[in-house]
1. Mind ranking 204-210, 134-140 by how tightly packed they are, going by the mean number of other C-beta atoms within 10 angstrom, highest first?
2. Which FRET efficiency value, to the nearest 0.05, is calculated for Met225 and Ala31 with the Förster distance at 45 angstrom and r the Cβ-Cβ distance?
3. Helix 6-21 against the longest principal axis of the chain: what's the angle in degrees, Cα atoms only, rounded to the nearest 10?
4. Beta carbons within 10 angstrom, averaged per residue: use that to sort the peptides 196-202, 39-45, highest first.
5. Could you tell me which label, among [x] 0.98; [y] 1.20; [z] 0.92, carries the value of Cα Rg over 2.2 N^0.38 Å calculated for this structure?
6. I'd like the Karplus ³J(HN,Hα) series for the range 264-276: coefficients 6.51, -1.76, 1.60, θ = phi - 60°, whole numbers in Hz, and an x wherever there's a Gly or Pro.
7. Identify all aspartates and glutamates with a Cα-Cα distance to Lys75 below 15 Å; exclude those on the same chain that are fewer than 8 residues away in sequence.
8. Can you give the extra length, in nm with one decimal, that the chain gains between Thr201 and Arg101 once fully stretched, where that is 0.36 nm per residue apart less the Cα-Cα distance?
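Each value in this text was obtained by applying a stated rule to the coordinates, not by laboratory testing. As the structure is a computational prediction, the values presented were derived from the model and not from experiment. Here the Cβ is made from the backbone with ideal geometry for all residues, glycine too, and neighbour counts use every protein chain on show.
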Amino acid sequence: MNALPDVMIEPAVRAALLEDLGRAGDVTSAAVVPPGATARCRLVAREAGVVAGLDLARLAFALIDSRIGFTAHIKDGARLTPGQVIADIAGNARAVLTAERVALNYLGHLSGIASATQGIADAIAHTKARITCTRKTTPGLRFAEKYAVRMGGGANHRFGLDDAILIKDNHIALCGGVSAALRAARGAAGHLVKIEVEVDTLAQLAEALPEKPDAVLLDNMAPAMLRAAVAMIGGQAIAEASGRINAETAPAIAETGVDLLSAGWLTHSARVLDIGLDF
């Protein structure tokens, strides 16, 4: 899996550092740490999980002081064990302390997303289904959060409003029905633009299928209804299940034959993975 290039992640890391530095910089480190002091420290996993965001952490230190050494011992996507050393860091002590929180914020948040994704991916590994994220992301961090999903073994849904057509319940209500919405979308879509429609019932699915959507989002359906929906679709479209998906519920949902399971909480509510900086 490819890492994100620095040119993509640098603006976000720079903005986070500027937010933290405020109007006067790191007044604590400047006051109590001798200017020439150096430090050697390690990023250490406090719990099991999957690492993601190493390049953002590296850039946090580099943007404060380009002379800080950052040696990663693993790559994003690697599984962590408690106590495992993730990276060694060495350089000016003030600079290391100044960058510490931003580096850990990114690393803990993105590793938490990757770990949560991996938990579901492992739970459904015996099926053909894949876990995917949604657009429910932190403003300004979508690129990084979706990257973390990939590092956890998941797939990405659309990245924005412009790269696919997803007709949801409110679109259907305003357009006058499922078939009307799909016909309007087909008439407007370019030849490379995929069309997905959300349905809540089998009746809506029956209305959608003659319009040949590329994918159908089966929202909040119980496993028995999902099986019936998959049978109705019969391979004509990608079948995506959403609603109440976690590591415990995912196996039964995946076993219905759907192609994708989508979960918004992976990016908006995943628990931060506990990673520390030990001097």
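1. The peptides rank, most packed first, as 204-210, 134-140.
2. Using R0 = 45 Å, I get an efficiency of 0.10.
3. Between helix and principal axis, roughly 60 degrees.
4. For the peptides 196-202, 39-45, the packing ranking is 196-202, 39-45.
5. Identified label for the calculated read-out: [y].
6. Working through the residues one at a time gives x, 5, 4, 9, 9, 9, 4, 6, 5, 7, 7, 10, x Hz.
7. Of all the aspartates and glutamates, those that pass the test against Lys75 - Cα under 15 Å, at least 8 places apart if same chain - are Asp55, Asp88.
8. Values: separation 100, 0.36 × 100 = 36.00 nm, distance 4.69 nm.
Full extension of this stretch gives 31.3 nm more.
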